[in-house]
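Only one structure is covered here, and it is reproduced in the block below.
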Amino acid sequence: ELPYLDAIEVVVAVDIDSRANGLRSGQFDLIHTSNSDTISQFLDDGEFEVISTSRYGDTNYIMLNHAAGDLDPEGTNADSPLLNVHCRRALAHAIDYQRLADERGAGLVEPANGPFPPGSIGYLEDSGYPQYDPDAALEEFDTCLSELGTDRIEFSFNTTNDPFNVETNTLMISMWTEIFGNQIDASIQPIEQGQYIGLALTGNFNAFAWRNHGGIDPATQAYWWQSTSSAPIGELALNFGRFRDPEMDAALETIKTNPDPAVRKAAAEEVNRIFGEQVYNLWTSWALWAVIEHPYVNGLEANTLPDGGQGVGLAFSGRHQMNEIWCDDGVCE
């Protein structure tokens, strides 16, 4: 009879270090994380079991605010250099993605070139997204400054107040200053986790460290990117970045309405190319999720379907069933 456990206590532990220490001390029976550095540490620890996957996973990236015109009635985003595509391309070219994956992802994650990871509909080996190239970064930056009529750019860069995340995004800023020097000022603004989503929904940011877009079918991503999901700054919108792109809208409509798999695949690839060309976001890596548990915890990947078949285990940003989790001898400690 399901569920096997009498109860499950879910604890929100924002700081990854305290979460990991809580598992080691016995405070937690299992933890859920996408922090590859932490996953790496437990992979080498035989006292714990690690179940990890990037299946149908999401993408780590820097989300950029494109609100302009009627979407920015008060002009709060009007001076953002991120509205200029050459500025965005310069920033993208200046990120050493492999270094980021190695130093902040423990070498367990892959650099991303768009929202669709390998194996997903829409994935392209070459999406056109700018790769690490300091010379190209400087060339694009010169165009950026020329078009803006300035000799430097500045913008705010928000992240959650988890020390690990702050350090990761500080590394990215150091990559920019290494190439652009004092011609760029990107100031880190750590935000408490509970307030973070509200700022995204209302468009009160320039650049935002983010993770999203996991799933089997790109049709489920349409409301994050379609023009009709945008709204003026200060109002709630699911298109957090508030960009409006008719070609993107057309491709998304095809994905949502056309039953031909080949046509839908081509449209998803077009979405990927548009992201690569316009650099609406700065893609960094495809996320790896894990559940790390004490050996006495069992059944986390079990997902027995009504017909007796096996459903998806750990997937979709580390989601899993809870009905069939059990502990040795019925004791979870």
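The values are calculated or read from the model by the stated rules, or taken from the named source; none is laboratory data. No experiment lies behind these values; they were computed from the predicted model shown. Backbone-built Cβ (ideal geometry, glycine too); neighbour counts: all protein chains shown. In case anyone asks, the SASA skips ligands and DNA or RNA and just uses the protein heavy atoms, side chains included. Shrake-Rupley method; radii C 1.70, N 1.55, O 1.52, S 1.80 Å.
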Checklist entry - Using θ = phi - 60° and the Karplus form 6.51 cos²θ - 1.76 cosθ + 1.60, what ³J(HN,Hα) does each residue of segment 63-71 get, whole Hz, x for Gly and Pro? => result 7, 10, 8, 10, 4, 8, x, 5, 7
Next on the checklist: Through the Karplus equation 6.51 cos²θ - 1.76 cosθ + 1.60, θ set to phi - 60°, convert the phi angles of segment 47-53 into ³J(HN,Hα) values in whole Hz; use x for Gly and Pro.
Outcome noted: 7, 10, 10, 10, 10, 10, 6
Checklist entry - If you average 1/r over all unlike Cα pairs in segment 126-279 and invert the result, what Kirkwood radius do you get in angstrom? => result 17.6
Item to check | For Asp185, residues with placed amide H under 5 Å, excluding near neighbours | outcome: Ile153, Glu154, Phe155
Checklist entry - Quick one: net charge of Pro232's neighbours, Cβ under 14 Å, K/R +1, D/E -1? => result -2
Item to check | ³J(HN,Hα) computed for each position of segment 278-291 - Karplus, 6.51 cos²θ - 1.76 cosθ + 1.60, integer Hz, glycine/proline x | outcome: 8, 6, 5, 9, 9, 6, 10, 7, 8, 6, 10, 10, 8, 10
Checklist entry - Expressed as a rounded percentage, what relative contact order does the chain have, with Cα pairs under 8 Å and six or more residues apart? => result 32
Item to check | Angle between the chain longest axis and helix 163-180 axis [Cα atoms, degrees, rounded to 10] | outcome: 30
Next on the checklist: At 1.4 Å probe size, put Phe164, Phe116 in order of accessible surface, largest to smallest.
Outcome noted: Phe164, Phe116
Checklist entry - Taking Cα atoms, how many degrees apart are the long axis of helix 193-202 and the longest axis of the chain, rounded to 10 and kept between 0 and 90? => result 40
Checklist entry - Where Lys and Arg each count +1 and Asp and Glu each count -1, what net charge lies around Gln221 among other residues with Cβ under 12 Å from its Cβ? => result -1
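Can you run the Rg to Rh ratio on the chain? Use alpha carbon positions and the Kirkwood inverse-distance Rh.
A ratio of 0.99.
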Checklist entry - Distances over 13 Å make up what percent of all Cα-Cα pairs in segment 155-201? => result 56
Next on the checklist: Just to confirm, what accessible area per residue do you get for segment 93-163 at 1.4 Å probe, in whole Å²?
Outcome noted: 47
Checklist entry - Between Gly107 and residues 5 or more places away or on another chain, which pairs have amide H atoms under 5 Å apart, with H built 1.01 Å from N, and which residues are they? => result Asp102
Next on the checklist: For the chain, take the longest principal axis of its alpha carbons; what is the angle in degrees between that and the long axis of helix 16-25, to the nearest 10 within 0 to 90?
Outcome noted: 10
